[in-house]
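Reviewing the structure listed below.
Just so you know, all these numbers are worked out from the coordinates, no wet-lab data involved. It should be emphasised that the depicted structure is a prediction, and the values quoted were computed from it without experimental measurement. Note: ideal-geometry Cβ built from the backbone for every residue, glycine included; neighbour counts use all protein chains shown.
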Amino acid sequence: MDAVVLRPGEGESLFNGRIVIKADFDQLCITESHFDSARDGASPHFHRQHADSFYVLEGGLAVLVVDEEKLLSANAFASAPPEVVHGFRTTSPARFLNFHTPDGGFAGNLQARDRGEPGGFDSFDAVAGSGPPGADSVFLGPGEGERLEGNTRIATIKVGREELALIEFELEPGFVGPDPHSHDDHIDSFYVLDGEPEFFVGGETFRLGSGSFVAAPIGAVHAFSNPGPDRARLLNIHAPSVGFHEWLRTVS
């Protein structure tokens with residue numbers, strides 16, 4: 001598969017631009033949603049075979065897990081493991097990322113519904129408070145998570161599960177990053193939050209600003225850095241994790 005490089009707003013636009021698919025892989029679906037007001041998103045449901053996670057970019061999101069609803073502001077994160085009942089709504093105009101790991105048919109469901117077809121995927125309606133406890137669920141406010149400091153970067157683990165490792169990186173000017181490399185067992189992708197980090201992917205080098213997205217599928221050579229002069233902040237998504245979050249602890 002080819003690498004993905006998307007500038008702000010680019011991707012597969014659905015529902016008149018309200019949802020944009022950034023990544024559509026078997027292992028990972030990432031969508032960027034734009035809600036122009038406080039409104040319902042998804043009523044309580046669960047997935048049998050995949051985790052469902054959210055990162056708020058702007059505005060407010062209320063995420064229900066089992067029977068508890070948490071209010072999330074910009075840069076907050078939530079994750080519901082398989083089998084755990086969850087749902088969400090916006091509390092104001094909002095923009096957020098939604099990660100399904102693995103995809104579980106979510107991208108195909110959105111595409112079918114956008115065409116006016118019934119759709120359907122690994123999702124089952126439920127009653128709030130039902131099902132297993134959400135002991136492995138994650139609710140993190142802005143800046144929260146397992147913080148790992150290096151000389152020129154801070155890596156904050158938002159979630160580390162078999163299906164997904166999601167890391168928020170803060171990169172100082174001059175951060176060199178890893179040498180060009182590839183993975184033979186997972187997707188490595190990036191969403192730029194602030195600054196203009198540099199990416200090498202698909203044999204080319206790109207300086208990309210806030211709202212940009214890069215995905216390196218299995219076998220794609222890639223690297224990232226921050227030549228400066230300003231700090232940069234990005235999300236790094238490994239799906240599945242294949243131990244990436246554990247490896248990161250050993251080198252920090």
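Remarks
- In region 237-247, the residues that are closer than 18 Å to S182 by Cβ and either charged (D, E, K, R) or surrounded by 20 or more Cβ atoms within 10 Å (Cβ to Cβ) (or both): I237, H238, A239, S241, F244
- Members of region 114-134 found to be closer than 14 Å to I21 by Cβ and touching a residue at least 40 places away in the same chain (Cβ under 8 Å), listed by number: D114
- Within region 205-219, the residues that satisfy the criterion of being under 21 Å from E10 (Cα atoms) and touching a residue at least 60 places away in the same chain (Cβ under 8 Å) are F206, L208, G209, S210, G211, S212, F213, V214, A215, A216, P217.
- Residue match in region 184-196 (condition: more than 25 Å from V56 (Cα to Cα) and surrounded by 15 or more Cβ atoms within 10 Å (Cβ to Cβ)): no
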